[in-house]
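Take a look at the structure set out below.
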Amino acid sequence: MPEARALLLPSEHRRAIEADVYPLLTRTTWIATTSIFLSWIVLFDRSMTHIFCLSISLFLMISIATEMYFIVSRSILAVLSPIFCFFLVSFAYFGFGPLIYLFGKEESIAYCNSFYEVREGYYLLTQLLNLVSIATICVSYLVSGTLLNTHRGKARKTTESEENWFLFATLAIGLLVKYIFSLPYELGLTEKVLPGAVIMLGGCTIIALFLLAFKAGRDGGYWWLYTFLFAGSEITISLLTFSKLDLLQTLATTFAGFLVARPARKHLVIALVLLTLVYFSSIDLVTHCRRELRRHTAPTLESRLQVATEYISNTTSDIDRSPKIQTWWVRLSYTNAQAFAMQSYNDGMNGNTYSLIAYAWIPRFLWPEKPLITVGAHFNYLVTGNDRSQSSPGIFAEGYWNGGCSYVVLTCLFVGFLFRAFELVCWQTFVYRDFRYLPCAFISIKMALRPDDWFASTYVGALGFAVVYFLILAVFWPRRIDEPSRTPAA
């Protein structure tokens, strides 16, 4: 039996999370104000820059880790809330990642500088940017709670027949779209740009995998076989496409489905340990294979198998495989990309990626020539002169690149509002097990986990899909949410 406090009512869920975010907000606001003041002093004494940057990183890591611990101690299922997921990646990207410039090996720092060399002044500015941005998101998240009606009645959990129907529908749609359209594109078999709607429909396989894992955890039996077979096929595809993100997403989704069925701390700890091991064991493989694949003019399935085989048999040399370069740490640091974006704006070379927001909600089938709203290749070209790879400065630096401090604040206020608005969706989905909202819950979690992505596609574009899905749900699968309850779904 799960622990009694592992499942909380939405109102209790909200209070548990807010009780932990308020201390973080207070400390973050204080340190941000202090940092802005002290930065003026540091500008006159360059020897203090690294000490100051270290203090910011340590503060962020200690504060965020403390808040995540208390959130999990009050509700296991809070790990599936947007604010927790945002804290998790913020710890890695904006707390731990930048420390590579202070404690990383010389070869690792040189590798980061080969992308873009970070000056001491901009190292400090990127740290301050991350600190103020996280504080602003926390402020928006909390203030939005007073504006939105987050107290709702209990949504009846999805019946078993509805679960089976939804599982079949998402599995059929996901497999059809992914294997006919998405997979050939990812394998380089076609150069035709896929509409965002097609990519989102291909993501139905993740929803199906969650439902399979949930039913395996709850009912056991043959559902375990179905889960392992489907998860194995998804893992194979992620390895063929050299996508570390897809690999981790597949494993995390499987763990999430099981965790909702059997919420317990030991299951959460096991999942986090396994995901960490997979990350460290796969990063060199993915980095090497992507690097080698770019040397092929027309990547095919055969060329992908070839470079993977070469890595395993160690028949080629690759700088990223050198033990002197801490590749796993390099991939967690966005300081160099952030520094480029900030310096470009300060030098009068503003970004224009926010202009793509106007196109984000227009389907490509209505406008086949619609500009791409994922501009990672273009950004990488601006930094390195190479457009065969993709990179991103993250939404904080992207906001600064487009419009300075005012755009950073507006961006973070909007993101914090989204986290709060989607929190109720996650409560209804994972606590009450009303799986009609699974697509929107996963969209919100993806938003929270990708502050390193582009704003127009990850936040504005994905929000459009969520709105459309809510409208479809209201018409074809309505359900009253007006019945009070004292106990969550069992």
*asked:* Quick check on my filter: what residues within segment 451-462 are over 18 Å from Ile207 (Cβ atoms) and of a type outside the set (S, T, N, Q)?
replied: Pro451, Asp452, Asp453, Trp454, Phe455, Ala456, Tyr459, Val460, Gly461
_Looking only at segment 321-366, filter to residues that are surrounded by fewer than 17 Cβ atoms within 10 Å (Cβ to Cβ) and assigned to a helix (DSSP H, G or I); which one of those is modelled with the highest pLDDT?_
Asn346
*Could you tell me whether Leu176 is at negative phi, open to solvent by 10 Å² or more (accessible area, probe 1.4 Å) and at pLDDT 90 or above?*
no
*Search result, residues across segment 214-254 that are outside any helix (DSSP H, G or I) and over 22 Å from Phe166 (Cα atoms)*: Thr241, Phe242, Ser243
*Check whether at least one residue in segment 197-213 is outside any helix (DSSP H, G or I) and either touching a helix residue (DSSP H, G or I) at 6+ places or on another chain (Cβ under 8 Å) or modelled with pLDDT under 85 (or both), and report yes or no.*
yes
*Which condition number does Pro451 fail, the rest of (1) without any contact (Cβ under 8 Å) to a residue 24 or more places away in the chain; (2) under 18 Å from Val89 (Cα atoms); (3) not hydroxyl-bearing (Ser, Thr, Tyr) being met?*
(1)
_Residue under question is Glu67, and the condition is that it be modelled with pLDDT of 60 or more, closer than 17 Å to Thr136 by Cα and of a type in the set (Asp, Glu); does it hold?_
yes
*Output yes when any residue across segment 226-247 is open to solvent by 20 Å² or more (accessible area, probe 1.4 Å), within 22 Å of Arg450 (Cα to Cα) and of a type in the set (Asp, Glu), and no when none is.*
yes
_With the structure loaded, tell me whether Ser444 is out of contact with any strand residue (DSSP E or B) (no Cβ under 8 Å at 6 or more places or on another chain), within 21 Å of Tyr354 (Cβ to Cβ) and touching a residue at least 24 places away in the same chain (Cβ under 8 Å) or whether it fails that test._
no
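The values are calculated or read from the model by the stated rules, or taken from the named source; none is laboratory data. Treat the numbers as computed from the prediction; the structure is a model and nothing was measured. All Cβ positions, glycine included, derive from the backbone under ideal geometry; neighbour counts span all protein chains shown. Keep in mind that these areas ignore ligands, DNA and RNA; they rest on the heavy atoms of the full protein, side chains included. Shrake-Rupley method; radii C 1.70, N 1.55, O 1.52, S 1.80 Å.
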